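Colleague: Just passing along the structure, written as structure tokens.
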Amino acid sequence: MDTSCNYLREPGYQESSFIRARGYLHDLSKPEKEVLLTNLVRETGNISVENFPDEEDLTQVMQEGQNVLKFKDKIFNPEECSGMGKVFLRKNLISDVNNCGRKINVLTQDMFEDEHGLPLINTMFIIQYDYNLDKGFITIPENSVLVFAGGSLSNGTVVLNNTLILPAALDIEHFMSVNIRGTYREGSLVYLRKHLRLFNGKTWVNLEGISDLDPRHLDNILDIVTPFKIELTPAKPYLENGPQDIKVSWKYNRIVDEQKIRIKIGNGEGEEHSLRDCDRKYTFEGVNPGNDTVSIMLIATYKGKIYTEELVLEHGIKITIGDTTLLLDENKLSNLIELLNN
């Protein structure tokens, strides 16, 4: 079957040819249709596909010079029986100089406003992406809903305004690492401490009806249930003889304001090093501990308070038996010698 016929070759016959071709196209197999489209592109140089969005659920917008389909936002308009408004929050990627130049997705106040700068009240805001508030404030319009659909908020303050929270049973520690102010709406739902919690207008209750959470500040609740934590890990859990590089890495369960690291050999004064906000590993080069231990302390500021985590490295003796390597400190070595002597 010859599929190379170009129905758009002569402009005068474009419309009628297309109408006659519709039945023909239905009879083609998928590979034959692909060949036909390839030939059309070769002849015309381009194929324009006209979309026909319903402008109710779908809309057509210009993006990078092309018409693309997107979910359509809905503005709250009770005169047209609109129900609540609905806004799909979009990506807003910018380079962050404090984050080693990496791009972050910044949430801004104008995403919650209409084209005239007025707050989008009575609106459901769909959060699909991870947003960084860049230590700023976001005020949620009155009587609105935050619908977490896989996204999260971090590094800033969210001011609620009789706001309904619907996180779809996602762990609140992972999707809302922000300071919370303002008021929740009755019916807000969060998943915390392995329980689904409901705000009944006065307090938070779990499915058993037990009230054990303070409803005023959700971030304070989170800090009580899962306190701020630092995990500081050395690349090697022991010291070697002579000068050596000591590598450490760490992670937090919250966004910190600032951080620094300190190393101390034996009873020495210690030496402190500044860190960038994005650093999560550090190498102390050419450390010569002699026979002393080495203490490494990570110092982080979270919500104005200073938290520290310290690890102490000691000299060890490695014993290899077959494919297994054991690190024995002095106590374990003494116990082993005593055991062998007996």
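Listed here are the residues, each with its yes/no results for (1) modelled with pLDDT of 85 or more; (2) of a type in the set (Ser, Thr, Tyr); (3) assigned by TED's automatic domain parsing to the domain that holds Thr308; (4) surrounded by 15 or more Cβ atoms within 10 Å (Cβ to Cβ).
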| position | (1), (2), (3), (4) |
| --- | --- |
| Leu218 | no, no, no, yes |
| Ile221 | no, no, no, yes |
| Pro234 | yes, no, yes, yes |
| Leu239 | yes, no, yes, yes |
| Lys247 | yes, no, yes, no |
| Tyr252 | yes, yes, yes, yes |
| Glu258 | yes, no, yes, no |
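Colleague: Taking segment 127-140 only, how many residues are surrounded by 20 or more Cβ atoms within 10 Å (Cβ to Cβ) and closer than 16 Å to Leu166 by Cα?
Modeller: Summing the residues that are surrounded by 20 or more Cβ atoms within 10 Å (Cβ to Cβ) and closer than 16 Å to Leu166 by Cα in segment 127-140 gives 2.
Colleague: So, Leu160, is that one more than 30 Å from Cys81 (Cβ to Cβ), outside the structural domain of Glu258 (by TED's automatic domain parsing) and surrounded by 15 or more Cβ atoms within 10 Å (Cβ to Cβ) or not?
Modeller: Judged against the criteria, Leu160 is not a match.
Colleague: Does segment 91-101 contain at least one residue that is surrounded by 13 or more Cβ atoms within 10 Å (Cβ to Cβ) and either at pLDDT below 75 or more than 30 Å from Gln259 (Cβ to Cβ) (or both)?
Modeller: Yes, segment 91-101 has at least one match.
Colleague: Residues that are in a loop (DSSP other than H, G, I, E, B), farther than 20 Å from Ile255 by Cβ and at pLDDT below 85: does segment 165-183 have at least one?
Modeller: Looking through segment 165-183, at least one residue is in a loop (DSSP other than H, G, I, E, B), farther than 20 Å from Ile255 by Cβ and at pLDDT below 85.
Colleague: Further, regarding this structure: How many residues, within segment 264-279, are within 30 Å of Pro227 (Cα to Cα) and either in contact with a Ser or Thr (Cβ under 7 Å, 6 or more places away or on another chain) or basic (Lys, Arg) (or both)?
Modeller: Selection size over segment 264-279: 2.
Colleague: Glu272: under 30 Å from Asn132 (Cβ atoms) and over 29 Å from the mean Cα position of the chain (by Cα), yes or no?
Modeller: Yes, satisfied.
Colleague: Looking only at strands (runs of 3 or more DSSP E) that fall completely inside segment 242-316, which ones have 3 or more residues that are in contact with a Leu (Cβ under 6 Å, 6 or more places away or on another chain) and acidic (Asp, Glu)?
Modeller: none
Yes/no matrix, rows are residues, columns are (1) in contact (Cβ under 8 Å) with a residue 60 or more places away in the chain; (2) surrounded by fewer than 20 Cβ atoms within 10 Å (Cβ to Cβ); (3) closer than 20 Å to Asp130 by Cβ:
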position	(1), (2), (3)
Pro167	no, no, yes
Glu186	no, yes, no
Lys194	no, yes, no
Trp204	no, no, no
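Colleague: Gly322 - would you say it is closer than 30 Å to Leu198 by Cβ and modelled with pLDDT under 85?
Modeller: Working: closer than 30 Å to Leu198 by Cβ: no; modelled with pLDDT under 85: yes.
Criteria not met by Gly322.
The values are calculated or read from the model by the stated rules, or taken from the named source; none is laboratory data. As the structure is a computational prediction, the values presented were derived from the model and not from experiment. No Cβ is skipped: glycine too gets one built from the backbone with ideal geometry, and neighbour counts run over all protein chains shown.
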